[in-house]
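Readers should treat all values here as calculations from the given coordinates under stated rules, not as data from a laboratory. On a predicted model such as this, the values are computed, not experimentally measured, just so you know. Counting neighbours? That spans all protein chains shown, and the Cβs are built from the backbone with ideal geometry, glycine included.
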Amino acid sequence: MKPEIINSHWPNALRWFLVQNTTRFYPWHFLSHSTEFEFAAKAFANEDTKNRTVFAFASRQDNDDFAGLEIVDSVITDKVIVFHPAFGSGKSERSWDIVETEFNDVFEFLSNHIVQDMKDWALIEDASELLE
């Protein structure tokens with residue numbers, strides 16, 4: 001991601017990865033532009049049972065899992081929420097929670113969630129396929 005696109009209001013933990021162009025963690029990837037996952041953030045706002053909002057910054061490429069930073073009082077916080085939206089239309093009436101897990105920050109998310117997913121993929125995918 002180009003440094004001029006990185007918002008100084010985003011938590012430093014996220015900016016740390018983006019300024020170094022460290023954005024691909026197969027099967028996950030971080031955003032390449034600020035609005036890339038806006039659609040997922042809108043789905044989260046409609047479907048979260050706690051009526052929260054997020055700035056979505058990561059997506060798992062093989063399913064509809066996303067990660068977002070919780071927004072509180074219009075401020076993007078360090079808290080990462082991993083969620084799987086249903087992408088329904090309008091405000092959801094559902095009682096089940098789309099949130100899979102939550103982490104204190106991007107580093108905790110990466111070390112406790114993404115690395116395990118990467119390891120699982122490495123057991124079934126040949127790394128040379130990622131070079132194509």
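Amide H contacts for PHE25 (H built 1.01 Å from N in the peptide plane; partners 5 or more residues away or on another chain; cut-off under 5 Å): PHE30.
FRET efficiency for the ILE6 to LEU123 pair, using the beta carbon distance and R₀ = 30 Å, is estimated at 0.35.
Taking amide H positions as placed 1.01 Å from N in the peptide plane, with prolines and chain starts having none, which residues 5 or more places from ASP105, or on another chain, fall under 5 Å of its amide H? Amide H to amide H, under 5 Å and 5 or more residues apart or across chains, ASP105 pairs with VAL80.
Cβ-Cβ distance of ASN51 and ASP105, R₀ of 22 Å, FRET efficiency by 1/(1 + (r/R0)^6): the value works out to about 0.45. For the stretch 3-126, lysine pairs separated by 8 or more sequence positions, or belonging to different chains, with Cα-Cα distances below 19 Å total 5.
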